[in-house]
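Down below is the structure, laid out as structure tokens.
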Amino acid sequence: MKRNQSSEDYLECILLLSRENEFVHRVDVARKIGVSQPAVQKAIKILQTQGFVECDGLHIYLTPDGESYAKRVYERHCTITRFLQHLGVNSIDASADACEMEHVLSDATFEAIKKFLAGKD
């Protein structure tokens, strides 16, 4: 599947919210991402057609495929953040930069970063 930053950001947000709360609501997603509820509604419809989320009218749930994809995106975020911090970048900038970089790094580059960090443990 072609990478889509917006979809990946929504999936990652839903994953993190689902870890904090029993139920994920559109308003929570809107607040966390900093967008309007209509923007969330539009994104959720797209994610539903892609088979990544399901909704029961009030709550948003990741499908197994959606959860798997969201976990991969979040792993990229955490790994890149850790890599940047290892280089001396402060945690706030590292996380913000990782949020952008996680969507554009090739799989080969990401795997090289993981291998590099594994050697630092």
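None of the figures in this text is laboratory data; all of them are computed from the coordinates on show. All values reported here derive from a predicted model rather than from experimental measurement. Every residue, glycine as well, gets a Cβ built from its backbone with ideal geometry; the counts of neighbours run over all protein chains shown.
Of 32/71; 71/114; 45/114; 42/114; 42/71, which pairs sit farther than 24 Å apart, going by alpha carbon to alpha carbon?
Details: 32/71 18 Å; 71/114 15 Å; 45/114 33 Å; 42/114 34 Å; 42/71 22 Å.
Pairs exceeding the cut-off: 45/114; 42/114.
Once fully extended, how much extra length lies between residue 91 and residue 48, figured as 0.36 nm per residue of separation less the alpha-carbon to alpha-carbon distance?
Contour length minus Cα-Cα distance gives 12.1 nm.
Can you tally the net charge around residue 61? Count Lys and Arg as +1, Asp and Glu as -1, for every other residue whose Cβ sits under 14 Å from the Cβ of residue 61. Before the final figure, lay out each step's value.
Values: positive: 19, 26; negative: 22, 28, 54, 56, 65, 67.
My count for the surroundings of residue 61 gives -4.
Among [x] 2, 9, 15, 15, 11, 8, 7, 5, 4, 3, 3, 3, 3, 3, 3, 2, 2, 1, 0, 0; [y] 2, 11, 21, 22, 18, 13, 8, 5, 1, 0; [z] 2, 11, 19, 17, 13, 10, 8, 7, 6, 4, 2, 1, 0, only one was calculated for this model; which label is it, if the read-out is P(r) over Cα pairs in 5 Å bins from 0, in percent?
[y]
What relative contact order, as a whole-number percentage, does the chain give when Cα pairs under 8 Å and 6 or more residues apart are counted?
Numbers: 111 pairs, mean separation 27.8, N = 121.
Averaging sequence separation for qualifying contacts and normalising by length gives 23 percent for the chain.
Multiplying the sequence separation of residue 36 and residue 4 by 0.36 nm and subtracting their Cα-Cα distance, what value in nm do you get?
On the way: separation 32, 0.36 × 32 = 11.52 nm, distance 1.92 nm.
Gain in length upon complete extension: 9.6 nm.
Applying the Karplus parametrisation 6.51 cos²θ - 1.76 cosθ + 1.60 with θ = phi - 60° to the phi angles of the stretch 62-71, what ³J(HN,Hα) value in whole Hz is obtained for each residue in order, glycine and proline being reported as x?
For the stretch 62-71, the Karplus-derived couplings read 6, 6, x, 5, x, 5, 4, 5, 4, 5 Hz, x marking Gly and Pro.
Given H placed on each backbone N at 1.01 Å, which residues far from residue 24 in sequence or on other chains put an amide H within less than 5 Å of it?
The list, which skips near neighbours in sequence, is 60.
Multiplying the sequence separation of residue 63 and residue 75 by 0.36 nm and subtracting their Cα-Cα distance, what value in nm do you get?
That pair, residue 63 and residue 75, stretches by 2.5 nm at full extension.
For Cα pairs less than 8 Å apart in space and 6+ apart in sequence, what is the mean separation divided by the residue count of the stretch 1-54, i.e. the relative contact order in percent?
Values: 27 pairs, mean separation 15.6, N = 54.
Normalised by residue count, the contact order of the stretch 1-54 is 29 percent.
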